[in-house]
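The values are calculated or read from the model by the stated rules, or taken from the named source; none is laboratory data. Just so you know, these numbers come straight off a predicted model, no measurement behind them. When we count neighbours, we look across all protein chains shown, and the Cβ atoms used for this are built from the backbone with ideal geometry, even at glycine. In case anyone asks, the SASA skips ligands and DNA or RNA and just uses the protein heavy atoms, side chains included. Shrake-Rupley method; radii C 1.70, N 1.55, O 1.52, S 1.80 Å.
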Amino acid sequence: MSLIALGVTGGIGAYKAVEVARGLQQRGHEVVAIMTRGAQNFVGPVTFEAITRRPVITDQWAAGMNSSVEHVALAGSIGLLLVVPATAHTIAKLALGLADDFLSSLALATTAPLMVAPAMNTHMLEHPAVQQNLQILAARGAHIVEPGAGYLACGWVGKGRLAEPDDIVEAAHRLLTPPRSLAGRRVVVSAGPTYEDLDPVRYIGNRSSGKMGIAIAAEAARRGAVVTLVLGPTSTEPPAELDIVRVRSAADMHAAVLGASETADVVVMAAAVADYTPASVEGEKIKKGDADLSLRLVRTPDILRELGARRGEAAWPVLVGFAAETSDVVARAREKLAAKRVDLIVANDVARRDIGFEADANEVTFVTAEGDEPLPLAAKTSVAASLWDRVERLMASRPLPAAAS
Ligand code: CTP
């Protein structure tokens with residue numbers, strides 16, 4: 001079980017953070033409470049001290065606090081930084097990376113995941129500044145526990161009320177104890193671009209960073225699957241615990257994916273595979289001349305389509321593809337779903353700059369035979385979790401594969 005830093009900021013929901021601390025302890029976690037100045041107007045540190053049985057951090061400058069540079073020391077030992085309630089002000093500070101008190105300094109110093117439970121007046125929550133700050137945090141991988149709707153302390157009725165303490169505890173606990181829902185399953189994920197060589201120094205490539213596919217592979221591993229990641233040339237580092245097969249060209253990827261997929265329960269083709277490759281690779285560097293140069297390109301095999309054809313009427317493996325489009329995104333994805341005979345297409349609008357190739361966030365729609373499911377803008381890691389939740393539902397609806405029955 002983990003040590004959780006519980007940041008309590010100055011909102012009326014601060015008293016509910018006491019219940020959150022208690023709930024986390026009941027789930028077996030240790031809690032250290034950090035209170036901002038504002039929080040202490042709503043509830044006293046002694047309450048948290050009595051519940052957590054640890055000193056409460058209220059001041060960056062308290063005596064002894066800097067003998068071990070406490071925010072740095074704590075940063076390395078926590079498994080989660082959970083902010084309950086998160087005021088508009090604290091959300092803005094976290095988004096900007098300000099560090100004027102212990103909590104905000106800790107947020108910069110730690111590599112532990114960040115979870116925030118916002119609570120504020122409805123109009124404050126809807127303000128574009130707050131919405132933008134929440135999106136910045138989400139895009140960086142922070143987990144947002146959505147506020148609920150209801151009667152607010154300020155007299156308004158609307159969205160902005162702190163999520164129920166039990167729901168916050170559940171969300172934090174789930175994050176720290178990954179489900180083993182894919183234990184015993186074999187998963188193949190392709191990610192990144194392919195490079196099609198023209199000569200010994202030049203190639204045709206694309207802008208895929210591989211981040212989405214790597215997040216999908218990492219999430220499957222977190223859920224207990226045995227994962228093979230077939231990865232094109234990219235500088236994004238995949239987690240070491242994955243079985244990684246490095247490839248360069250569409251032909252390499254074709255061979256690696258088809259080979260690894262023979263025993264797979266699920267194949268996710270997140271790679272941006274080149275559709276065309278030079279008809280021949282020059283052995284020597286191509287020299288320029290005065291005339292224009294034409295290249296002859298030939299089609300590469302469509303790996304996903306082959307997987308769909310190879311599966312035929314069988315139920316396994318579950319096949320997931322991506323559709324990177326610049327217009328009519330969902331309609332085109334639906335065409336691909338049918339043409340490639342796959343179970344799920346993740347439709348992605350690559351014309352938008354804030355999402356897609358190099359970004360850390362993505363806004364996608366899941367397209368299946370059952371319909372379209374648009375997802376809100378979220379970190380690629382969250383999109384990966386939603387994808388596996390959806391794929392697990394698809395898996396549950398089919399007969400068990402031979403290996404698992
Ligand atoms: N794909 C594949 N083999 C290829 C090309 C694409 O397996 N040679 C997979 C991709 O990994 C992705 C899906 O097919 O999961 C869709 O790729 P995309 O490039 O968006 O569409 P295409 O089918 O190539 O069609 P178009 O380029 O015409 O949009």
Original post:
Looking at this structure, is ARG161 loosely packed, with under 14 Cβ neighbours inside 10 Å and in contact (Cβ under 8 Å) with a residue 24 or more places away in the chain?
Top reply: no
Original post:
Do you know which residues across segment 30-51 are touching a Ser or Thr at 6+ places or on another chain (Cβ under 6 Å) and not small (Gly, Ala, Ser)?
Top reply: VAL31, MET35, THR36, PRO45
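Mind checking which strands (runs of 3 or more DSSP E) fall wholly inside segment 109-183 and carry at least 2 residues that are modelled with pLDDT under 95 and out of contact with any His (no Cβ under 6 Å at 6 or more places or on another chain)?
Here the list reads 148-151, 157-161.
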Original post:
Can you pull out the helices (runs of 4 or more DSSP H) entirely within segment 1-78 that have at least 2 residues that are farther than 17 Å from VAL116 by Cα, assigned by TED's automatic domain parsing to the domain that holds PRO147 and at pLDDT 95 or above?
Top reply: 14-26, 45-52
Original post:
Pick from segment 303-332 the residues that are more than 17 Å from VAL188 (Cβ to Cβ) and free of Cβ contacts under 8 Å to residues at least 24 places away in the same chain: which of them is nearest to the ligand (Cβ to nearest atom)?
Top reply: ARG332
Original post:
Are there any pairs with C-beta distances below 7 angstrom linking a residue in segment 1-16 that is free of Cβ contacts under 8 Å to residues at least 60 places away in the same chain to a residue that is open to solvent by 10 Å² or more (accessible area, probe 1.4 Å), with the two at least 6 apart or on different chains, and if so which?
Top reply: TYR15/PHE42; TYR15/VAL43
**OP:** Report yes if some residue within segment 198-217 is without any contact (Cβ under 8 Å) to a residue 40 or more places away in the chain, surrounded by fewer than 24 Cβ atoms within 10 Å (Cβ to Cβ), of a type outside the set (A, V, I, L, M, F, W, C) and within 13 Å of the ligand (Cβ to nearest atom); otherwise report no.
**Re:** no
Subject >> Index of the failed condition, GLY232 passing every other in (1) surrounded by fewer than 19 Cβ atoms within 10 Å (Cβ to Cβ); (2) at pLDDT 95 or above >> reply: (1)
Original post:
If you go through segment 218-259, how many residues are within 22 Å of SER386 (Cβ to Cβ), assigned to a loop (DSSP other than H, G, I, E, B) and within 16 Å of the ligand (Cβ to nearest atom)?
Top reply: 0
**OP:** Could you identify the single residue in LEU24, LEU103, LEU114, LEU80 that is without any contact (Cβ under 8 Å) to a residue 40 or more places away in the chain and either crowded, with 24+ Cβ neighbours inside 10 Å or within 27 Å of LYS159 (Cβ to Cβ) (or both)?
**Re:** LEU114
**OP:** Determine which single condition ALA339 fails, assuming it passes every other condition in (1) within 20 Å of VAL188 (Cα to Cα); (2) near the ligand (Cβ under 10 Å from one of its atoms); (3) open to solvent by 20 Å² or more (accessible area, probe 1.4 Å).
**Re:** (1)
**OP:** Show the residue pairs that are 6+ apart or on different chains and have beta-carbon atoms under 9 Å apart, the first residue being within segment 260-289 and away from the ligand (no atom under 16 Å from the Cβ) and open to solvent by 10 Å² or more (accessible area, probe 1.4 Å), the second being assigned to a loop (DSSP other than H, G, I, E, B) and small (Gly, Ala, Ser).
**Re:** ASP265/GLY184; ASP265/ALA225
**OP:** Filter segment 292-311 down to residues that are open to solvent by 80 Å² or more (accessible area, probe 1.4 Å) and of a type in the set (A, V, I, L, M, F, W, C) and give me whichever is nearest to ALA264 (Cα to Cα).
**Re:** LEU295
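Residues are listed down the side, and each one gets a yes or a no for (1) more than 19 Å from LYS211 (Cβ to Cβ); (2) surrounded by 14 or more Cβ atoms within 10 Å (Cβ to Cβ); (3) modelled with pLDDT of 85 or more:
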{"position": "LEU344", "(1), (2), (3)": "yes, yes, yes"}
{"position": "ALA359", "(1), (2), (3)": "no, yes, no"}
{"position": "VAL364", "(1), (2), (3)": "no, yes, yes"}
{"position": "VAL367", "(1), (2), (3)": "yes, yes, yes"}
{"position": "LEU375", "(1), (2), (3)": "no, yes, yes"}
{"position": "ALA378", "(1), (2), (3)": "no, yes, no"}
{"position": "SER397", "(1), (2), (3)": "yes, no, yes"}
Original post:
So SER190 fits all but one of (1) surrounded by fewer than 24 Cβ atoms within 10 Å (Cβ to Cβ); (2) among the hydroxyl-bearing types (Ser, Thr, Tyr); (3) at pLDDT 95 or above; what number is the exception?
Top reply: (1)
**OP:** Kindly provide the set of residues from segment 164-177 that are charged (D, E, K, R) and open to solvent by less than 50 Å² (accessible area, probe 1.4 Å), ordered by number.
**Re:** none
